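Have a look at the structure below, then the notes.
The values are calculated or read from the model by the stated rules, or taken from the named source; none is laboratory data. As the structure is a computational prediction, the values presented were derived from the model and not from experiment. FYI the Cβ positions are ideal-geometry reconstructions off the backbone, even for glycines, and counts take in every protein chain you see. Ligands, DNA and RNA are stripped out before the accessible areas are found, and what is left, the full protein with its side chains, is counted by its heavy atoms. Shrake-Rupley method; radii C 1.70, N 1.55, O 1.52, S 1.80 Å.
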Amino acid sequence: MIKKIAVLYGGRSGEHEVSVNSAQAVMEGLEQIEDYEVVPVFITKEGEWQLHGNRVALLPDPAIGGLYLLDGESGGNIVSIDVVFPVLHGTFGEDGTIQGLLELARIPYVGAGVAGSAVGMDKILMKAVLKSFGLPVGDYLWFTATKWKKDRTKLVEDIAAKLGFPCFVKPANLGSSVGISKVYKQFELEPAVEEALQYDHRIIVEKFLPGSEIECSVLGNDDPMASLPGQIVPCNDFYDYKAKYIDDRSALIIPAQLQPETVQQVQELAIKAFLMLDCAGLARVDFFVDEKARKIWINEINTLPGFTAISMYPKLWEASGIPFPELLRRLVELAEERAAKRAQLKTSFTPA
Ligand SMILES: Nc1ncnc2c1ncn2[C@@H]1O[C@H](COP(=O)(O)OP(=O)(O)O)[C@@H](O)[C@H]1O
Ligand SMILES: [Mg+2]
């Protein structure tokens, strides 16, 4: 039986280009797997879905079971799909929106569901959840645009008193370091907040966390496993957009050179974070680790991490004994397993 895997890529997100790169590697990897057929679905920056240049749509009706061709000679036909692999980063891909559509259409998909995706994407909600479960996150404050307009002076005072400098100002819902500033002096705070407010109306300000940037890949559903950790050595003052995608002097150290106890702690925390945030399939959990001070903080979780052949997520699995195509096969199977379990659940209740 041939399995049809729709790879969704591009998308209405600031990370459109990153997604195109990730998808190229994912599609090449999937092509190598016997019995898999790739259905490449490109989503334009405007949000139009295209299959080999023809417009397609995914409708919420679960009876359809695939993509609906909108135009051309085969307009009205259905391309059946077994599993969707959303290789989309950021807004409308990693935030629960596409996952909601796939739930309605009842098509198995790779990665976390609606809640896990949405909470994982929102830095304020993510930190609140991790903290409530007792996982180590750094100190932070958050506020809305409205609150900032009303109480700016008080907020600046609070930030200076509670977090100090340097601190990090971030829009709550974004990725790729877009809109993020490292603020060294109090007078830099206002422009940094104004910059972040261009991307979101909710802002998080975090205390500066020292230590190295350590990342750990997680794979699985209810009983996930963690890879060996890796380390990021940014070529800039911090791992900003330029250091991530433009300047190629940032280095990945795989595996990270850490004490065995630290490796174990990082892996345990990565798995806990994955489960507590209701993730599925895959996630990359990012940390700050200060081995001398024996401190580990969770920075964030990425439910659809970068997936080019040289990205941290697949590289860590490769170093942990799972080669790229095998990783893809497992992700597809995890998607099917999760969908099958959910299909067994009762969706209604008949009182006796
Ligand atoms: N609290 C912090 N302390 C020290 N460095 C930080 C902190 N928050 C972010 N950074 C730096 O900024 C980068 C981007 O921040 P992050 O929260 O990971 O945003 P994104 O979701 O865009 O990746 C991190 O990789 C790190 O280099
Ligand atoms: Mg990050």
*Would you check the accessible area of LYS242, probe 1.4 Å, heavy atoms only, in square angstrom rounded to 10?*
100
*Mind checking the angle between helix 260-276 and the chain's longest principal axis? C-alpha axes, 0 to 90 degrees, to the nearest 10.*
60
*Let me know the Kirkwood hydrodynamic radius for the chain, please, with Cα pairs as the basis and the value in Å to one decimal.*
21.2
*Hey, any idea what % of segment 139-207's accessible area is carbon plus sulfur with a 1.4 Å probe?*
52
*How high is the relative contact order of segment 212-342, in percent, counting Cα pairs under 8 Å that sit 6 or more residues apart?*
28
*For segment 3-109, just say rounded, prolate or oblate: build the C-alpha gyration tensor, square-root its eigenvalues into a ≥ b ≥ c, call rounded for a/c under 1.5, and beyond that prolate if a/b exceeds b/c, oblate if not.*
rounded
*Over the chain, what relative contact order in percent results from Cα pairs under 8 Å that are six or more residues apart?*
18
*asked:* Give the lysines reachable from LYS295 as a straight Cα distance under 18 Å; neighbours fewer than 8 places away on the same chain don't count.
replied: LYS127, LYS131, LYS207, LYS272
*Return a whole-number percent for the relative contact order of segment 139-207, with Cα pairs under 8 Å and 6 or more residues apart as the contact set.*
46
*Would you list MET126, MET27, MET276 from the most to the least accessible area, probe 1.4 Å?*
MET276, MET27, MET126
*Quick one: ranking TRP317, TRP297 by accessible area, 1.4 Å probe, largest first, what do you get?*
TRP297, TRP317
_Can you work out the Karplus-derived ³J(HN,Hα) for every residue in segment 75-87? Use 6.51 cos²θ - 1.76 cosθ + 1.60 with θ = phi - 60°, whole Hz, and x for glycine or proline._
x, x, 6, 10, 9, 5, 10, 8, 9, 9, 10, x, 9
*To the nearest 10 degrees, how steeply does helix 145-162 sit against the main Cα axis of the chain, on a 0 to 90 scale?*
50
*asked:* Rolling a 1.4 angstrom probe over the protein chains, ignoring ligands and nucleic acids, what is the accessible area of TYR109 in square angstrom, nearest 10?
replied: 10
*Please figure out what share of the DSSP beta bridges in segment 3-109 is antiparallel and state it in percent, rounded to the nearest 5.*
45
*So what is the calculated 222 nm ellipticity per residue for the chain, using -39500 (n - 2.57) for each DSSP H run with n of 4 or more, over all residues, to the nearest 500 deg cm²/dmol?*
-10500 deg cm²/dmol
_Ranking request for peptides 143-153, 98-108: highest mean number of other beta-carbon atoms within 10 Å first, then the rest in descending order._
98-108, 143-153
*asked:* Given a 1.4 angstrom probe, I'd like the percentage of the accessible area of segment 212-342 that is carbon and sulfur, rounded to a whole number.
replied: 49
*Would you work out what percent of the accessible area of segment 3-109, with all protein chains in place, is carbon or sulfur (probe 1.4 Å)?*
47
*What is the sum of charges around LEU30, taking Lys and Arg as +1, Asp and Glu as -1, for the other residues whose C-beta is under 13 Å from the C-beta of LEU30?*
-4
*Please calculate the 1.4 Å probe accessible area of SER13, with all protein chains present, and give it to the nearest 10 Å².*
20
*Compute the accessible area per residue over the chain, keeping the other protein chains in place, probe 1.4 Å, unit Å².*
47
_Using a 1.4 angstrom probe on the protein heavy atoms only, could you order HIS201, HIS89 from most to least accessible area?_
HIS201, HIS89
